[in-house]
Amino acid sequence: MAPAFKVLAVDGGGIRGIIPALVLAEIEARTARPISDLFDLFAGTSTGGIIALGLVKPGADGKVEKSAADIVNIYRQTGTKIFPQTFMKIFVLRLGNIFQLSILVSLFVFFLKSHNSNLSGGKRSLYGQAAILAGNQQTP
């Protein structure tokens, strides 16, 4: 069986692009590897495309120039200048739903670390992990 071809597709949405950037930064932190090492193909729409390009752009030494954390910092430092927002939108964006983001990242990292090469088996493991994290002790 051929090895899996992993594609990262990053959604856009203006300033909300910070959300996938935060998820990717957390994945890099938990795996201790750059995102560019975890995927074979990078794509994105709107700001997601810019994030994808930023994560694979090589520096002068040939290695990836920016980490996902660097991308997050760009959003934090210049995001409100690039994407002017109302106070309420900024307030909601900053608060976010940290609990759900944490579950999403945990599930994704769990899936990446899974040794299950059978996709349907991997899905069962992923759904089981989701049930445990959500407080439902029964595995679907």
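Some points to look at:
- Looking across the stretch 21-33, the residues that are of a type outside the set (D, E) and either under 15 Å from V10 (Cβ atoms) or open to solvent by less than 20 Å² (accessible area, probe 1.4 Å) (or both) come down to A21, L22, V23, L24, A25, I27.
- Residues in the stretch 1-16 that are of a type outside the set (G, A, S) and surrounded by 14 or more Cβ atoms within 10 Å (Cβ to Cβ): L8, V10, D11, I15, R16.
- Restricting attention to the stretch 10-54, the residues that are of a type outside the set (V, I, T) and touching a residue at least 40 places away in the same chain (Cβ under 8 Å) total 13.
- Residue check, K113 at pLDDT below 55 and within 19 Å of F5 (Cα to Cα): no
- Reported count of residues in the stretch 55-81, each being in contact (Cβ under 8 Å) with a residue 40 or more places away in the chain and β-branched (V, I, T), is 3.
The values are calculated or read from the model by the stated rules, or taken from the named source; none is laboratory data. Small disclaimer: the values here were computed from a predicted structure and weren't measured. Don't worry about glycine lacking a Cβ; one is built from the backbone with ideal geometry, like all the others, and counts go over all protein chains shown. Ligands, DNA and RNA are stripped out before the accessible areas are found, and what is left, the full protein with its side chains, is counted by its heavy atoms. Shrake-Rupley method; radii C 1.70, N 1.55, O 1.52, S 1.80 Å.
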